[in-house]
Amino acid sequence: MTVLFGTSIPVGQANAAVVRPGPAAVVGPGAAAGPASAGASRTPAAAATQRPSEGSVHSWDLSTGVDGPGTRFVTFLAGCPLTCLYCHNPDTLRMRGGRRTSADDVIAEARKYTRFISAAGGGATVSGGEPLLQPVFAGELLHRMKNDLGLHTALDTSGFLGARATDALLRDVDLVLLDIKSWDRETYRRVTGRPLEPTLDFARRLAGLGKEVHLRFVLVPGLTDARENIEGVAAFAAGLGNVSRVDVLPFHKLGESKWDALGMPFTLRDTPSPTPEQVAAAKAVFAARGLTAV
């Protein structure tokens, strides 16, 4: 999940704190989709089920600059196989923490903002949690955002479940926002609880398909900030040939209160955020490999 500088809207709730360009009402999963579903183009996987595609949705939001280019309608799916130590939205980790929602409802909500989003050079992003934990539902959303609404599409993923992304799903993705959280395997497992290799395999597959990638790397002092660790990620990314941007994200503790509310131990409570000099040094490592680092 990306670092979101805004407030996401739980499905079925309206939030006056979020400035919206149009009506703020959220279509709940029990509401009729109306004309939004008429003639909707469906993915082969969803059509084969002979029933409306549904998934567990945590929230949706409009965001700018952190979930892909421009202003974007972002759908956060619930559930994630990783347990990242610095996760700023631990409330998305369990699929049962979301609300069962139809693709029709999500598309109906996104449709309200398509004119504004298109004018702002934005699009739609399917995020999480980990969207590939629900690949059929994620694929349905991406397909309809792209083909029915005409929006630029982005998939925000850790890559750990990249094998679940079919070629058909990826054809509906214009941009992949891919996290590589560490190059050192031991550190990666410590950070996420999972092995690194599936993410690297997915990255190589995306390169083979010529799919544009924005890479994200979270800089955590004392954990991921070793020079050789950053060098490893940079060398790998530069060798792919399809990474158009690297976001070096400074570690923060904005999600600490959520960990506390969930009764989960936040083990990085005493870890400081990196200094501007440390962030600049990390960006320089990527830039030295010919990558655009921001």
Requested in this report: State which residue pairs qualify: first residue free of Cβ contacts under 8 Å to residues at least 24 places away in the same chain and inside segment 97-126, second residue part of a helix (DSSP H, G or I) and open to solvent by less than 50 Å² (accessible area, probe 1.4 Å) in any location, beta carbons under 7 Å apart, and separation of 6 or more residues or different chains.
Outcome: none
Query - Filtered residues of segment 262-289 (kept if open to solvent by 70 Å² or more (accessible area, probe 1.4 Å) and either free of Cβ contacts under 8 Å to residues at least 60 places away in the same chain or in contact with a strand residue (DSSP E or B) (Cβ under 6 Å, 6 or more places away or on another chain) (or both)) - result: Pro265, Arg269, Asp270, Pro272, Pro276, Glu277, Gln278, Ala288, Arg289
Report task. Any chance you could count how many residues in segment 246-294 are out of contact with any Asp or Glu (no Cβ under 8 Å at 6 or more places or on another chain), under 15 Å from Arg216 (Cβ atoms) and part of a loop (DSSP other than H, G, I, E, B)? Result -> 4
Query raised in the report: Hey, any hits in segment 104-113 for a residue that's within 20 Å of Leu77 (Cα to Cα), open to solvent by less than 50 Å² (accessible area, probe 1.4 Å) and not in a helix (DSSP H, G or I)?
Result: yes
Report task. Mind counting the residues in segment 114-138 that are of a type in the set (Gly, Ala, Ser) and in a loop (DSSP other than H, G, I, E, B)? Result -> 5
Report summary line: Residue pairs within 6 Å by beta carbon, gap of at least six or interchain, first lying in segment 161-178 and more than 20 Å from Glu197 (Cβ to Cβ) and in contact (Cβ under 8 Å) with a residue 24 or more places away in the chain, second open to solvent by 50 Å² or more (accessible area, probe 1.4 Å) and in a helix (DSSP H, G or I), listed first then second, are Asp172/Lys146
Query raised in the report: Which members of segment 117-135 meet the condition of being modelled with pLDDT under 95 and touching a Gly at 6+ places or on another chain (Cβ under 8 Å)?
Result: Ser118, Ala120, Gly121, Gly128, Gly129
**Report entry** Residue check, Thr153 assigned to a helix (DSSP H, G or I), out of contact with any His (no Cβ under 7 Å at 6 or more places or on another chain), among the β-branched types (Val, Ile, Thr) and farther than 14 Å from Trp60 by Cβ
**Finding:** no
Query raised in the report: Of all the residues that make up segment 73-93, how many are among the aromatic types (Phe, Trp, Tyr) and modelled with pLDDT under 95?
Result: 1
Requested in this report: Give me a count of the residues in segment 156-202 that are among the aromatic types (Phe, Trp, Tyr), in contact with a helix residue (DSSP H, G or I) (Cβ under 7 Å, 6 or more places away or on another chain) and either open to solvent by less than 40 Å² (accessible area, probe 1.4 Å) or part of a helix (DSSP H, G or I) (or both).
Outcome: 2
Report summary line: Note on Lys211: of the conditions (1) open to solvent by 10 Å² or more (accessible area, probe 1.4 Å); (2) over 24 Å from Pro69 (Cβ atoms); (3) touching a residue at least 40 places away in the same chain (Cβ under 8 Å), unmet is (2)
Report task. Pairs only if they're at least six apart or on different chains, beta carbon under 7 angstrom, first in segment 133-154 and closer than 12 Å to Leu169 by Cα and acidic (Asp, Glu), second in a loop (DSSP other than H, G, I, E, B) and at pLDDT below 95; list them, first residue then second. Result -> Glu140/Arg42; Glu140/Thr43; Glu140/Ser53
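The values are calculated or read from the model by the stated rules, or taken from the named source; none is laboratory data. Every value quoted in this text rests on a predicted model; they were computed, and no experiment measured them. We place every Cβ from the backbone using ideal geometry, glycine too, and count neighbours over all the protein chains shown. Only protein heavy atoms, including side chains, enter the accessible area calculation; ligands, DNA and RNA are left aside. Shrake-Rupley method; radii C 1.70, N 1.55, O 1.52, S 1.80 Å.
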